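Below is one structure, written out as structure tokens; comments come after it.
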Amino acid sequence: MDNLFPQPPGEPSFVALGDSFTEGLNDPAPGGGYRGWADRLADLLAVEYPGLRYANLAVQGKVLHEIVAEQVPAAAAMSPGLVSIAAGGNDILRPGANLDGLAELFDSAVVRLRATGCRVLVFTGSDPVGLPVIRLLRGRIGAYNMHLRAIADARGCYLVDLWSMRFFRSPSAWSVDRLHLTAESHHRVALRACEVLGVPITEDWRAETAADPSATMATAMSRAAWLAARREDAHWAKEYLAPWVNRRLRGTSSGDGRTAKRPTLEPVPPPAAL
């Protein structure tokens with residue numbers, strides 16, 4: 001296994017940067033708040049690297065320029081061995097997003113992090129083909145992913161390609177808001193990250209799941225099913241899309257007033273059972 005933390009001195013350390021995806025929505029933690037793939041990954045890393053310290057600076061609703069301005073400098077100051085960065089999703093949701101500009105900003109963040117000597121773990125966006133309405137952004141997400149792959153390759157980063165994980169094409173992988181992962185999906189992301197980092201795991205993130213929605217759509221889409229799906233879309237738009245649009249119109253964010261759940265590097269004891 002490649003040693004993720006070869007540089008002396010100090011203990012192995014991991015800092016996670018990003019938005020709600022990395023904060024852990026909607027994966028409830030036993031003591032309240034959210035757990036998420038990054039916390040799960042830290043637990044798995046701690047088994048292989050005793051003494052691991054971990055910080056999670058991600059805050060829901062943050063756009064890329066906020067992550068670059070606020071979280072990247074804070075992470076660089078910690079001089080961690082490993083930093084994960086997943087950002088740009090909230091920007092892509094906004095009409096008229098400049099993908100080339102986002103890529104340049106993302107690249108600048110990676111360059112700054114790599115300059116500290118840390119290793120960087122980058123995430124692409126997943127394929128939304130199975131999500132009604134959200135799948136309209138598929139082309140934009142795919143184009144941004146190409147930028148991220150190029151950046152990871154040019155800067156020598158680890159890359160977790162969520163687009164290639166077919167599991168995320170199923171609506172069952174997502175919470176009812178169609179924007180955040182379920183606890184099971186966060187678990188799979190942590191396993192996939194371990195695979196990319198070369199960390200031994202005993203589970204396979206490719207485990208069998210429900211049928212691909214595209215395979216069932218053709219047979220299940222009777223008129224009644226179609227009407228039911230449209231009612232579900234209308235309910236989703238009222239409960240989740242409309243509040244999001246209203247926040248954009250007011251210039252506010254779900255992350256306003258929120259702080260990072262784990263702002264400093266803290267030890268992660270190896271759990272008794274994962």
- [ ] Name the long-range amide H neighbours of residue 55: under 5 Å, sequence gap of 5 or more, or other chain; modelled H, no Pro or chain starts.
- [x] 14, 15, 16, 266
Open item on the list: Under the 0.36 nm per residue contour assumption, what length would be gained going from the current alpha-carbon distance of residue 149 and residue 93 to full extension?
Closed with: 18.2 nm
TODO: Please give the length that would be gained between residue 266 and residue 202 if that part of the chain were fully extended, namely 0.36 nm times their separation in residues minus their C-alpha to C-alpha distance (nm, one decimal).
DONE: 20.5 nm
Task: Hz values of 3J(HN,Hα) by residue in segment 22-31 - Karplus curve (6.51, -1.76, 1.60), Gly and Pro given as x - done: 8, 5, x, 4, 10, 10, x, 8, x, x
Open item on the list: Please rank 180, 65, fewest neighbouring Cβ atoms within 10 Å first, as an exposure proxy.
Closed with: 65, 180
Task: Label zone at residue 104, where the point sits 7 Å out along the Cα-to-Cβ direction: segment 33-67 residues whose backbone N lies under 15 Å - done: 65
Open item on the list: Using Cβ contacts closer than 10 Å as the measure, can you line up 170, 84 from fewest to most?
Closed with: 170, 84
- [ ] Given the peptides 149-157, 185-193, arrange them by the average over their residues of other C-beta atoms within 10 Å, most packed first.
- [x] 185-193, 149-157
Open item on the list: Quick check: pseudo-label points 7 Å beyond the Cα along Cα→Cβ at residue 176 and residue 136, how many nm apart are they?
Closed with: 2.3
TODO: With θ set to phi - 60°, apply the Karplus curve 6.51 cos²θ - 1.76 cosθ + 1.60 along segment 116-124 and write out the HN-Hα couplings as whole Hz, x wherever there is a Gly or Pro.
DONE: 7, x, 7, 8, 10, 10, 10, 10, 7
TODO: Starting from the Cα of residue 164, step 7 Å toward the Cβ, then list every residue of segment 174-208 with an amide N under 14 Å from that point.
DONE: 192-198, 205-206
Open item on the list: On the principal axes of its Cα set, how long, how wide and how thick is segment 1-155? Give whole Å, largest value first.
Closed with: 46, 37, 30
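Coordinate-derived values only; no laboratory data. As the structure is a prediction and not an experimental result, all values here were calculated from the model. Neighbour counts are summed over all protein chains in view; Cβ atoms, including those assigned to glycine, are modelled from backbone coordinates with ideal geometry.
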